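Working notes, beginning with the structure itself.
The values are calculated or read from the model by the stated rules, or taken from the named source; none is laboratory data. Everything quoted here is computed from the prediction, not taken from an experiment. Cβ coordinates were reconstructed from backbone atoms using ideal geometry, including for glycine residues, and neighbour counts include every protein chain displayed.
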């Protein structure tokens, strides 16, 4: 079978709908124009016209949220890829300074043995003495593929090569602004994407690594409501659900309006900090303005639910509707209240109920708390990340540092559903 040669100069989008040859790939790589932007404000109309609505975290309302209420020390830049002024791809990047002792947290044992104490002391010494400005293609605030979007007919290998050209440009532009990029991180790829991009990245001396899996609950179409979800469980886990509901019966849930969120933003932030300070791996720090700004930009696509006990706000959770997925975004709670009410487990069940009401295909529970998330039915999906230091000698040791400093969570996967 022979394929018609594609003429890219006539109409690039029409051309991309045809079968691209190896020669076309070379021409695309050579003739694609890459633009660097420091804000989405100047490109919002073209950007949102190109990016599908189900890529919510790559569209300008969410990106504006981050620009308006950025995590501490975080900067942003954006790349657009065009041929003859027609878009074929975009990428959203974050620039963050990683300080080892602020990023990697190791839980303290009350009485560590001698060797554990020496190991921890050495880890702390190493962590205190490393720090890098890092260019991240993706989002440090999210788990999943939220770094770039290209026309579907541009092959993975070509996407990766174009992306690397763009990231080199972004590094050079940031260096001109006095931000010297040491590390480049491409973040969070599912296995089906990873197989297409890995050969190019590893050939360019990027190191592949995993942090924690993405916990995802798939909602079968036959589950019409929460009773159907319960009916799919084994009796042991149905008892667990009823016990959690009984313990949490005095918790009152209320969807918070933008005014509610604004007036309680400091308390919401403090509840969130209760959780984040115990995470083993922290790459950013929110400000209290993030949640009200998120609601302001996403409006009905975001639910922020406040949890009250005796009229006191003791917890909250957020759920973002993104196409056919419900993203269980950030949450926070009072640990003492959680101990007596199983508040966190009740939050997970609440989010499943919301997902069923929305007729979502999946609920994205993200990383952390892997075992309890698996107990409500979420399955682990490995996410692949790629990291490279600009200095070839330092680059040999980057993966070793990440492996050494990143806490390892041992957990047992639960299987709540009937065989």
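In segment 281-291 there is no residue that is out of contact with any helix residue (DSSP H, G or I) (no Cβ under 9 Å at 6 or more places or on another chain), within 29 Å of residue 218 (Cα to Cα) and at pLDDT 95 or above.
Just one of the listed residues (92, 69) is assigned by TED's automatic domain parsing to the domain that holds residue 176, in contact with a strand residue (DSSP E or B) (Cβ under 6 Å, 6 or more places away or on another chain), at pLDDT 95 or above and under 26 Å from residue 143 (Cβ atoms), and it is 92.
Restricted to segment 169-183, and to residues there that are touching a strand residue (DSSP E or B) at 6+ places or on another chain (Cβ under 8 Å) and assigned to a helix (DSSP H, G or I), the residue that is surrounded by the most Cβ atoms within 10 Å (Cβ to Cβ) is 170. Note on segment 204-221: residues that are more than 30 Å from residue 390 (Cα to Cα) and in contact with a strand residue (DSSP E or B) (Cβ under 6 Å, 6 or more places away or on another chain) total 4. Going by the structure shown, is residue 336 closer than 26 Å to residue 314 by Cβ, at pLDDT 95 or above, out of contact with any helix residue (DSSP H, G or I) (no Cβ under 6 Å at 6 or more places or on another chain) and surrounded by fewer than 19 Cβ atoms within 10 Å (Cβ to Cβ)? The answer is yes for residue 336.
What do you reckon, is residue 23 under 15 Å from residue 80 (Cα atoms), part of a helix (DSSP H, G or I), out of contact with any helix residue (DSSP H, G or I) (no Cβ under 8 Å at 6 or more places or on another chain) and modelled with pLDDT of 55 or more? No; evaluated as a whole, the condition is false for this residue. Restricting attention to segment 184-198 and to residues that are closer than 11 Å to residue 386 by Cβ and surrounded by fewer than 20 Cβ atoms within 10 Å (Cβ to Cβ), the residue that is modelled with the highest pLDDT turns out to be 198. Right, residue 170: within 27 Å of residue 290 (Cα to Cα) and modelled with pLDDT of 95 or more or not? Yes.
In the condition set (1) without any contact (Cβ under 8 Å) to a residue 60 or more places away in the chain; (2) not in a strand (DSSP E or B), residue 352 is compliant with all but (1). Of all residues in segment 151-168, those satisfying the criterion of being under 15 Å from residue 186 (Cα atoms) and in contact with a strand residue (DSSP E or B) (Cβ under 7 Å, 6 or more places away or on another chain) are 159, 162, 163, 165, 166, 167.
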